[in-house]
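Asks: Input: one structure, supplied below.
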Amino acid sequence: MRDLLRDAVYGCRLLRRNWGFSLLGVWIVALGIGATTAIFSLIDGILLNPLPYREPDRLAVIWSDFSRFGGNRKAFSAPADYFDWKERNRSFQDMAAYFNTNRTLTALDQPLTPLTHEVTANFFDVAGVRAFRGRTFAKGEDVPGRDQVAMISYSLWRAAFGGAESVVGSKVELDGHAVTIVGILPPDYRIVSSAINVQPDLFVPNNFESKRQERRQRPLVVLGRLRRGVEVGQARAELAALAAQMGSESPADVTPHTAAVNGIREELTGDYRSTFLLLQGAVAIMMLIACANITNLLLVRYAARGREFALRIALGASRAQIVRQLLTESLLLSLAGGALGVVLAKFSLAPILALVPGTAGLPFADQVDISLRAAAFALSLSTLTSVVFGLAPARQAFRSGVAAGLNEASRGGTSGRRSAVWRNALMASEVGLSVLLVASAGLMIQTFWKLQHRKWGFEPGHLLTVRNSLRGEAYAAPAARRNHFTAAAARLGEIAGVESVSAVSFPPPLVPIAPARFVPGGGAAEPGRDCAAFTLSILPRYFETLRTPILSGRAITEADTADAARVVVISQALARRYFADAPAIGQNLAMVDRFPGEWRIVGIAADVRGAGIADEAQPVIYFPHAQAPEPTMSFVLRTRGEPMAAAPATERTLWQMGRLMNVYATFSMEQRLADSFWESRFTMALLTIFAGLALSLATGGVYAVMSLLAAQRTREIGIRMAVGASSMDVVRTVVVDGARAAAIGIACGVAGSLALGRVIATRLYGVSASDPATLATASGILMLVALGACMAPAMRAARIDPLRALREG
């Protein structure tokens with residue numbers, strides 16, 4: 001211990017003496033460890049965060065899987081499916097369900113419309129969640145007549161009720177009815193599925209018994225607690241077999257589907273896991289660049305200290321003592337860089353999380369911080385890196401003899417051919433790894449640019465969307481729904497700056513929801529032929545407001561009333577897929593399990609693209625809202641100016657239409673589209689930052705190494721110039737040495753990019769992972785960076801005075 005302390009004191013003194021080298025080394029390590037720690041903190045806080053449920057490994061979410069028909073693999077389930085799964089399975093101890101909706105707190109100073117979950121009374125028992133204040137729902141409180149109770153989230157308790165303890169047990173008015181708040185959920189509670197990106201703030205009980213026989217409407221998310229000893233895979237296999245059996249028992253007009261079972265952690269974080277692992281790989285590459293950089297600097301520095309070590313060995317020091325001294329110095333350098341890296345990571349988390357929109361619903365993002373586990377990770381990484389970049393000079397100390405060390409030092413050399421090979425290999429690796437990051441960033445930049453400029457099938461500029469959901473018995477009748485939305489659209493059209501107004505059940509960009517089956521041409525379905533499409537209910541002027549072209553026929557108009565002939569407009573993708581052999585206009589569609597009956601096709605609209613990076617347009621059927629009235633619609637307003645400027649007047653107008661409704665989710669269409677591919681923007685931004693850091697590390701590393709080498713070769717260069725070498729010969733020699741190593745690194749980096757292209761291929765849009773232009777650009781950038789980094793040391797070397805170099809050498 002005394003020897004280690006002495007080595008540490010000597011190392012500190014030495015690092016302080018060579019403060020320029022020390023600051024450079026600390027900064028390089030800080031960049032690598034800071035970036036790695038920041039991404040690790042994200043992974044730790046989001047993917048590895050302890051879940052706020054009792055025995056979370058036994059929790060699973062069960063979905064209806066419609067992927068066979070091009071629909072969502074994770075679609076809502078019908079109440080009949082929930083009851084069948086619950087009563088006929090053997091893998092689950094218990095099951096619960098919830099329905100996502102909105103309710104209005106009507107007795108407050110200003111109506112609030114929190115996202116609401118209607119849950120079975122056993123929901124929180126199955127989830128394993130206890131109340132923060134009060135209690136959860138008791139058995140039987142989901143039975144009609146006993147269901148006048150509610151629970152609220154911690155955030156709603158603080159925001160709407162000021163955190164008053166008296167809230168528990170008090171009555172509030174919900175959709176015009178008095179209910180009692182029986183409990184407040186803990187602050188770390190999170191929704192148990194990824195179906196909705198917004199956290200619910202209100203919970204009311206519902207046993208769904210009145211819909212027990214309902215198989216066509218699919219509003220439920222099902223949660224199950226596995227029996228002890230049962231794995232998710234076993235439950236998945238059992239429910240898949242059970243779903244097949246249930247399908248054979250279901251009516252012919254119900255869309256066949258299977259069951260998809262996900263463990264709770266997979267459910268909450270599975271959609272984001274690949275993104276963060278990709279970023280972790282990127283920062284690992286950057287960390288390797290930093291290690292190669294520091295190792296090279298230490299090798300060159302060791303060469304400059306060759307005489308010192310040779311003299312110490314000659315005076316009796318063992319090689320083990322020399323190695324210990326070198327490792328101690330590298331450890332001090334790494335720990336200082338690690339400490340600074342943790343500070344950088346701490347301050348970088350907020351800007352990184354700012355890249356994630358609130359609508360993304362990234363779980364536990366508000367809890368991400370530099371935890372003790374992240375700090376321990378940074379300390380371990382600092383120790384490991386100190387060993388990694390300290391081994392090369394330590395190994396060199398083992399191999400060097402006293403005579404060789406004195407001889408090399410006396411010549412002002414660079415520790416021989418073997419050290420030169422190591423230095424060139426490390427420089428090549430820095431450049432090659434940088435090519436990987438720059439090429440990946442280039443691919444993501446192209447993806448993001450093309451997503452921003454993709455053809456959506458409508459004009460998103462100057463569009464405002466706002467969701468309007470009708471509540472209560474007053475709007476239960478179809479006529480009441482028709483009248484409300486027709487009247488609301490007329491009043492919204494009177495707002496200053498609004499050009500046109502319409503509404504749709506689900507606004508763009510389209511997401512893969514449960515499709516509806518139909519029979520082209522009407523009549524009975526052909527055996528073995530399944531036809532399915534997404535269904536949207538729209539008000540007149542919808543295509544005009546979005547500026548989506550009608551390619552053939554006509555759009556939905558005011559003439560398509562409830563008493564008129566039943567008509568639909570179909571998308572071009574549907575016409576191309578199911579009516580390729582004959583004109584679709586004038587033909588019938590026989591809907592099977594949604595808006596059943598025959599509908600006549602009167603128009604074909606241009607395709608509207610969906611969310612994400614999938615480019616294939618999905619088949620869509622547009623129904624007149626007057627003939628297919630929905631209780632929840634999104635108004636779409638085209639404005640002359642900034643769309644969000646019309647948002648306050650739009651919301652105020654809708655609230656004036658009645659109390660028992662919800663007005664929420666007000667966004668500009670451009671914001672909706674931008675949020676739909678936030679992961680591409682997030683990945684692109686971070687990869688670009690990492691690529692920039694990698695370039696700076698590679699530039700600084702090549703420059704520092706070439707500068708130190710040129711300084712150590714002063715005597716050699718002086719001799720060459722004394723015997724006739726010109727300044728350009730010296731410049732050429734130094735630059736060629738660096739360019740040769742860079743060229744090898746670029747070749748390896750391009751090969752690595754081609755080999756690892758499939759890792760990023762699924763995230764690309766409109767560009768190939770092996771895009772030649774991107775690889776050529778990345779290679780050119782790195783070669784220019786390497787040449788630029790070599791040029792300054794080369795020019796300094798060319799100005800050496802031969803006589804002075806020989807005299808001082």
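The values are calculated or read from the model by the stated rules, or taken from the named source; none is laboratory data. Everything numeric in this text was worked out from a predicted model, so none of it was measured. Every residue, glycine among them, receives a Cβ derived from its backbone with ideal geometry; neighbour counts consider all protein chains shown. These area figures cover heavy atoms from the full protein model, side chains too; ligands, DNA and RNA do not enter into them. Shrake-Rupley method; radii C 1.70, N 1.55, O 1.52, S 1.80 Å.
Asks: List, please: which pairs have Cβ atoms under 8 Å, are six or more places apart or on different chains, and start with a residue in the range 666-682 that is over 12 Å from PHE448 (Cβ atoms) and end with one that is among the hydrophobic types (A, V, I, L, M, F, W, C) and in a loop (DSSP other than H, G, I, E, B)?
Replies: Pairs found: LEU673/TRP456; SER676/ALA611.
Asks: Another one. Could you identify the single residue in ALA131, ALA159, ALA164 that is touching a Gly at 6+ places or on another chain (Cβ under 8 Å), among the hydrophobic types (A, V, I, L, M, F, W, C) and open to solvent by 10 Å² or more (accessible area, probe 1.4 Å)?
Replies: Checking each option against the conditions leaves just ALA131.
Asks: Moving on to the next point. Looking for something open to solvent by 30 Å² or more (accessible area, probe 1.4 Å) and in a loop (DSSP other than H, G, I, E, B) - is there at least one such residue anywhere in the range 730-753? Can you show your working first?
Replies: In the first step, residues of the range 730-753 are kept if they are open to solvent by 30 Å² or more (accessible area, probe 1.4 Å); the result is 732-733, 736-737, 740, 743-744, 747-748, 750-751.
Then drop every residue that is not in a loop (DSSP other than H, G, I, E, B), which leaves none.
There is no residue in the range 730-753 that is open to solvent by 30 Å² or more (accessible area, probe 1.4 Å) and in a loop (DSSP other than H, G, I, E, B).
Asks: Determine whether the range 609-622 contains at least one residue that is modelled with pLDDT of 95 or more and either of a type in the set (Phe, Trp, Tyr) or at positive phi (or both).
Replies: Yes - at least one qualifying residue is present in the range 609-622.
Asks: Out of the residues in the range 541-555 that are open to solvent by 70 Å² or more (accessible area, probe 1.4 Å) and over 16 Å from HIS462 (Cβ atoms), which is farthest from the chain's Cα centre (by Cα)?
Replies: ARG554
Asks: Considering only residues that are more than 15 Å from SER537 (Cβ to Cβ) and of a type in the set (D, E, K, R), look in the range 465-515 and name the one that is most open to solvent (accessible area, probe 1.4 Å).
Replies: Of everything passing the filter in the range 465-515, GLU473 is most open to solvent (accessible area, probe 1.4 Å).
Asks: For VAL129, state whether it is closer than 20 Å to PRO363 by Cα, in a loop (DSSP other than H, G, I, E, B), touching a Phe, Trp or Tyr at 6+ places or on another chain (Cβ under 7 Å) and hydrophobic (A, V, I, L, M, F, W, C).
Replies: In short, yes.
Asks: How many residues does the range 45-99 contain that are among the acidic types (Asp, Glu), under 16 Å from GLU238 (Cβ atoms) and out of contact with any His (no Cβ under 9 Å at 6 or more places or on another chain)?
Replies: Matching residues across the range 45-99 total 3.
Asks: Right, here's the next one. LYS139 fails exactly one of the following numbered conditions: (1) assigned to a loop (DSSP other than H, G, I, E, B); (2) under 16 Å from ASP201 (Cα atoms). What is the number of that condition?
Replies: (2)
Asks: Could you tell me which of the residues PHE66, PHE92, PHE123 is of a type outside the set (Val, Ile, Thr), modelled with pLDDT under 90, farther than 22 Å from GLU173 by Cβ and surrounded by 23 or more Cβ atoms within 10 Å (Cβ to Cβ)?
Replies: PHE66
Asks: Check the range 248-259 and report whether any residue there is touching a Gly at 6+ places or on another chain (Cβ under 8 Å), open to solvent by 10 Å² or more (accessible area, probe 1.4 Å), at negative phi and at pLDDT 85 or above.
Replies: no
Asks: Right, another one. All but one of (1) more than 27 Å from ALA75 (Cβ to Cβ); (2) part of a loop (DSSP other than H, G, I, E, B) hold for PRO200; state the number of the condition that does not hold.
Replies: Going through the list (1) more than 27 Å from ALA75 (Cβ to Cβ); (2) part of a loop (DSSP other than H, G, I, E, B), PRO200 breaks only (1).
Asks: What tally of residues in the range 414-442 results from selecting those that are modelled with pLDDT of 90 or more, open to solvent by 10 Å² or more (accessible area, probe 1.4 Å) and of a type outside the set (Gly, Ala, Ser)?
Replies: Total meeting the criteria: 3.
Asks: List, please: which pairs have Cβ atoms under 8 Å, are six or more places apart or on different chains, and start with a residue in the range 643-657 that is among the acidic types (Asp, Glu) and part of a helix (DSSP H, G or I) and end with one that is open to solvent by less than 70 Å² (accessible area, probe 1.4 Å) and modelled with pLDDT under 90?
Replies: Pairs that qualify, where the first residue is among the acidic types (Asp, Glu) and part of a helix (DSSP H, G or I) and the partner is open to solvent by less than 70 Å² (accessible area, probe 1.4 Å) and modelled with pLDDT under 90, are GLU651/VAL663.
Asks: Please enumerate the residues belonging to the range 352-366 that are in a helix (DSSP H, G or I) and of a type in the set (Gly, Ala, Ser). First the steps, then the outcome.
Replies: Initially, the range 352-366 is screened for residues in a helix (DSSP H, G or I), giving 352-353, 358-360, 365-366.
Within the range 352-366, GLY358, ALA360, ALA365 qualify.
Asks: For the condition in contact with a strand residue (DSSP E or B) (Cβ under 8 Å, 6 or more places away or on another chain) and open to solvent by 30 Å² or more (accessible area, probe 1.4 Å), what is the one hit in ARG640, ARG652?
Replies: Of the residues listed, the single one that is in contact with a strand residue (DSSP E or B) (Cβ under 8 Å, 6 or more places away or on another chain) and open to solvent by 30 Å² or more (accessible area, probe 1.4 Å) is ARG640.
Asks: Being under 17 Å from GLY224 (Cβ atoms) and open to solvent by 30 Å² or more (accessible area, probe 1.4 Å): is that true of ASP147 here?
Replies: No.
Asks: Restricting attention to the range 583-617, report how many residues are crowded, with 22+ Cβ neighbours inside 10 Å and of a type in the set (S, T, N, Q).
Replies: Final tally of qualifying residues: 0.
Asks: Which is within 34 Å of the chain's Cα centre (by Cα), under 30 Å from GLY766 (Cα atoms) and either surrounded by fewer than 23 Cβ atoms within 10 Å (Cβ to Cβ) or of a type in the set (Gly, Ala, Ser) (or both), of ALA580, ALA575, ALA532? If you could, list the steps in order and put the result at the bottom.
Replies: Working: ALA580 fails: within 34 Å of the chain's Cα centre (by Cα); ALA575 fails: within 34 Å of the chain's Cα centre (by Cα).
From the options ALA580, ALA575, ALA532, the qualifying one is ALA532.
Asks: From GLN280, GLN321, GLN325, grab the single residue that is surrounded by fewer than 18 Cβ atoms within 10 Å (Cβ to Cβ), at pLDDT 65 or above and under 30 Å from ALA698 (Cβ atoms).
Replies: Step by step, each of GLN280, GLN321, GLN325 is checked, and only GLN280 is surrounded by fewer than 18 Cβ atoms within 10 Å (Cβ to Cβ), at pLDDT 65 or above and under 30 Å from ALA698 (Cβ atoms).
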